[in-house]
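The values are calculated or read from the model by the stated rules, or taken from the named source; none is laboratory data. All values derive from a computational prediction rather than experimental measurement. Positions of Cβ are generated from backbone atoms using ideal geometry, with glycine treated the same way; all protein chains shown enter the neighbour counts.
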Amino acid sequence: MIDAEGSNLGVLSTMEAIRLAQEAELDLVEVAPNAEPPVARIMDFGKFLYEQSKKEREARKAQKQIEIKEIQLRPKTNEHHTQFKVKSARGWLEEGNKVKVRIRFRGREITYPEVAMEQLQEIVDELTDVAVVEQAPQLDGRTMLMVLAPKKNK
């Protein structure tokens with residue numbers, strides 16, 4: 001049992017603890033039910049809930065949300081357009097976002113997946129200073145996917 005000031009009152013019966021809480025015009029809150037014996041505290045329960053929700057909000061603000069950005073190419077995409085997309089991917093990776101690189105096949109392009117593999121390898125080579133391959137290139141239906149994650153800074 002812990003009183004409103006935070007001092008330990010020792011082990012008390014439930015009825016005695018409830019009586020002390022009523023005298024102090026506060027609530028009896030069980031703070032550690034799994035402990036042996038269970039720990040209860042005399043406090044204002046509404047204020048406790050408010051402070052707890054405030055801490056949770058602060059923790060959520062501190063969390064960093066990682067987005068997954070995507071660039072889409074085709075096997076016949078020219079060099080200039082590819083460089084333009086790689087430049088945007090570099091910016092996203094430097095911001096800390098992940099980048100999904102998708103190459104879409106149309107028609108008979110699907111019969112030459114090695115062209116797409118070469119293209120993806122070129123992209124990886126250009127971004128090795130800021131990215132690591134999180135998911136290796138794999139064929140999924142008529143698309144080939146690869147996921148790049150930002151490198152951890154030391």
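Of everything listed in (1) more than 22 Å from L139 (Cα to Cα); (2) without any contact (Cβ under 8 Å) to a residue 40 or more places away in the chain; (3) in the same structural domain as P137 (by TED's automatic domain parsing); (4) of a type outside the set (A, V, I, L, M, F, W, C), the single unmet condition for Q121 is (1). Looking only at the stretch 65-106, filter to residues that are part of a helix (DSSP H, G or I) and of a type in the set (V, I, T); which one of those is nearest to A149 (Cα to Cα)? Only one residue fits best here, namely V86.
Within the stretch 69-103, the residues that satisfy the criterion of being closer than 17 Å to R142 by Cα and basic (K, R) are R74, K76, K100, R102. Of all residues in the stretch 1-21, those satisfying the criterion of being under 17 Å from F48 (Cα atoms) and either exposed (fewer than 14 other Cβ atoms within 10 Å of the Cβ) or without any contact (Cβ under 8 Å) to a residue 24 or more places away in the chain (or both) are E5, G6, A21. When the residues of the stretch 114-131 are filtered to those that are part of a loop (DSSP other than H, G, I, E, B) and among the β-branched types (V, I, T), the one that is farthest from R90 (Cα to Cα) is T128.
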